[in-house]
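**Student:** Before we start, here is the structure in question, set down as structure tokens.
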Amino acid sequence: VHEGVVNTVLVGLRGLVGQLYREDNAHKVRRGQAGRVGKGLNAGGLTYGYEPVAGDPGKRSIVEAEAEVVRRIFRDYVDGRTPRDIAHDLNAERITPPRGRAWNASTINGNMQRGNGILNNELYAGRLVWNKVRMVKDPDTGKRISRPNAETDWQATDVPDLAIVSRELFEAVQNRKKARSVTHPNQQRRPRRGER
């Protein structure tokens with residue numbers, strides 16, 4: 001339109017150039033995020049228990065009230081409580097959740113393969129891990145969905161000043177999670193949604 005001519009070749013060419021520019025931009029953003037993580041800075045997103053430091057992009061500080069909730073979740077889990085019980089208690093005490101209206105077991109427990117959920121987040125033990133998942137577009141719905149990356153693609157940096165729980169407590173939680181995830185030989189795992 002800018003040149004006064006619109007034909008199939010020009011439309012196709014401009015579409016190709018636009019797509020290449022978009023892909024190059026995405027690559028540059030990922031490279032920038034990787035550089036920030038290597039310096040121990042936040043590459044994006046909010047994490048419960050932390051807040052951004054005003055005037056210092058990428059830096060985070062601990063929110064002590066939320067950090068105490070995180071410590072409580074870790075201690076309760078190691079003491080034998082289930083994520084569902086912990087969430088129930090937090091809701092009963094009207095403690096504000098990270099997102100939404102209420103605490104859920106999945107917010108606390110997360111998914112070990114994806115490395116999400118409060119109990120799986122190594123940042124709470126002073127280790128920033130980035131690139132656990134990638135976002136892809138579902139061609140049918142157009143919605144973005146997350147897919148786990150191989151552990152070899154993860155990038156990790158130690159940030160001891162952001163530790164909320166000790167490494168020993170974090171490892172104790174991971175050991176309990178692994179012990180709980182081992183299915184009893186006579187017990188069948190229920191199929192998840194979409195596997196039936």
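We did not get these values from a lab; they are worked out from the coordinates using the rules stated. Predicted model, so just to flag it, every value in this text is computed and none were measured. Neighbour counts run over all protein chains shown; Cβ positions are idealised from the backbone, glycine included.
**Student:** Past 24 Å, Cα to Cα: identify those pairs from Lys132/Lys178; Lys132/Lys177; Lys39/Lys137; Lys28/Lys137, in the order given.
**Tutor:** Checking Cα-Cα distances, Lys39/Lys137 exceed 24 Å.
**Student:** Which Cα, out of Leu123, Thr157, Pro139, lies furthest along the positive dipole direction of the chain (beta carbon charges, K/R +1, D/E -1)?
**Tutor:** Pro139
**Student:** Tell me the net charge near Val70. Cut-off is 13 Å between Cβ atoms, Val70 excluded, with +1 for each Lys or Arg and -1 for each Asp or Glu.
**Tutor:** Spelling it out: positives minus negatives among the neighbours equals -2.
**Student:** Let me ask something else about it. May I ask you to derive the relative contact order of the stretch 97-187, considering only C-alpha pairs under 8 Å and at least 6 residues apart, and to give it as an integer percent?
**Tutor:** 25 percent
**Student:** Here is a follow-up. Using amide H atoms built in the peptide plane, which far-off residues or other-chain residues are under 5 Å from Gly117 H to H?
**Tutor:** Residues meeting the amide H criterion: Asn111.
**Student:** Based on the inverse mean of 1/r over its pairs of different Cα atoms, what is the Kirkwood hydrodynamic radius of the stretch 20-113, in Å?
**Tutor:** This gives a value of 15.7 Å.
**Student:** Oh, and also: Run the quick spin-label model on Lys143 and Ala172: label points 7 Å from Cα toward the beta carbon, then report their separation in nm to one decimal.
**Tutor:** Result for the modelled spin labels: 3.9 nm.
**Student:** Size of the dipole of the chain about the Cα centre, Lys and Arg at +1 and Asp and Glu at -1 on the beta carbon, nothing else charged, in debye to 20?
**Tutor:** 700 debye
**Student:** Same structure, new question: Give the longest segment of the chain that steers clear of GluC sites (Glu not before Pro) in DSSP loops with at most 16 neighbouring Cβ atoms within 10 Å, not counting the sites themselves.
**Tutor:** 94-194
**Student:** Across all directions of projection, what mean area in square nanometres is found for the Cα convex hull of the chain?
**Tutor:** Mean projected area of the Cα convex hull: 17.0 nm².
**Student:** Multiply the residue gap between Asp79 and Ala102 by 0.36 nm, knock off their C-alpha separation, and tell me the result in nm, one decimal place.
**Tutor:** Length gained between Asp79 and Ala102: 6.0 nm.
**Student:** Further question: Over the chain, what is the mean sequence separation of C-alpha contacts under 8 Å (at least six apart), divided by residue count, expressed as relative contact order in percent?
**Tutor:** This gives 17 percent for the chain.
**Student:** To the nearest 10 degrees, how steeply does helix 83-92 sit against the main Cα axis of the chain, on a 0 to 90 scale?
**Tutor:** 90 degrees
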